[in-house]
Amino acid sequence: MKETEVTVEVFNDLDEITTILDGRGFRKTDEYTIYDRYFTLSGDISGLSYRNLLNSSILVRSIDGSDPVDQIIFKKKEYDEHANVISEEKTKAEISDPGAVAEILKLAGLNEYCDLTNHSLIFENGNICFALQIVSDLGIFIEYEEDETMAGLDPSEKIVRMSDRLKDLGLKLGNDFSCKKIAMKLALK
């Protein structure tokens, strides 16, 4: 299933964010840590665009929390004319040993080019649910995926609605609502 999401950097500290969200009626409903390992067939990623790199990547993910799970994931992203992600389709399968899967991918010639860890705090208020992500080596982000109130809207309308809802929170947000954390970590274009 294709989903639309926005991801934006937050420049408040965690205590400020929690206080602001609490004042807006949001409650923390879950907490977990995601460990992602990215693999691609490309040996030298320095010449690849973010779009080509991510669309040729396999992800080995471990989620530690109340409902732990290990997965292998392929994400197919669609972009608009400004290189913003307008939809994403994920194919994933649970695995029992992420270390063994990573070793198999390496033995098959794939390049492990990035590891990303984020501690996610899930906040909800009515229909609005988003993940506040504290990403190692990068900072704090909000990732907001479409909900049932956006049925029937095209991807650009969904992005505007989600961006406006996040702006209304009163947080110090960046200007890019299509943050690409891997690109930021690797300093890719």
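What FRET efficiency comes out for the pair THR33/GLU81, r = Cβ-Cβ distance, R0 = 25 Å, nearest 0.05?
Step by step, r from the Cβ atoms, then E = 0.10.
So what are the ³J(HN,Hα) numbers for the stretch 77-90, from phi and the Karplus equation (6.51, -1.76, 1.60; θ = phi - 60°), rounded to whole Hz, Gly and Pro as x?
So the J values, rounded to whole Hz, are 9, 10, 10, 8, 5, 9, 6, 7, 6, 9, 7, 9, 10, 10.
Using a Gaussian network model of the chain with C-alpha springs under 10 Å, which one of ASP80, ASP70, ASP36 is most mobile by mean-square fluctuation?
Result for the chain, Cα springs under 10 Å: ASP80 fluctuates most.
Longer than 25 Å from Cα to Cα, which of LYS77/LYS172; LYS76/LYS180; LYS158/LYS181 are they? Say none if no pair is.
LYS77/LYS172
Translational diffusion coefficient, Stokes-Einstein: compute it for the stretch 2-186 using the Kirkwood radius over C-alpha pairs as Rh, at 10 °C and 1.306 mPa s, and state it as an integer in µm² s⁻¹.
After rounding, the answer is 91 µm²/s.
Considering the dipole of the chain built from charges on the beta carbon (Lys and Arg +1, Asp and Glu -1) around the Cα centre, which of ALA187, GLY43, MET150 is farthest to its positive end?
GLY43
Quote the charge dipole size of the stretch 2-186 about the Cα centre in Debye, to the nearest 20; the model charges only the Cβ of Lys and Arg (+1) and of Asp and Glu (-1).
The dipole of the stretch 2-186 has a size of about 380 debye.
With label points built 7 Å along Cα→Cβ from the Cα atoms of LEU107 and SER46, find their separation and express it in nm.
Computed distance between label sites LEU107 and SER46 equals 3.1 nm.
What order, most packed first, do the peptides 126-132, 149-155 have when packing is the mean number of other Cβ atoms within 10 Å of each residue?
Highest-to-lowest ranking by the protection proxy: 126-132, 149-155.
How many nm separate the modelled label positions at LYS167 and THR18, each set 7 Å beyond the Cα in the direction of the Cβ?
Result: 2.9 nm between the two label points.
How big is the gap, in Å, between the Cα center of the stretch 116-189 and the Cα center of the stretch 68-102?
17 Å
Determine ³J(HN,Hα), in whole Hz, for all residues of the stretch 164-176 in sequence, where each value follows from phi through the Karplus function 6.51 cos²θ - 1.76 cosθ + 1.60 and θ = phi - 60°; x replaces Gly and Pro.
Working through the residues one at a time gives 4, 4, 5, 4, 5, 5, x, 8, 7, 9, x, 8, 9 Hz.
Each reported figure results from applying straightforward, stated rules to the coordinates on display, with no laboratory input. Because the structure is a prediction, the values reported are computed rather than measured. With ideal geometry, Cβ positions are generated from the backbone for all residues, glycine too; neighbour counts draw on all protein chains shown.
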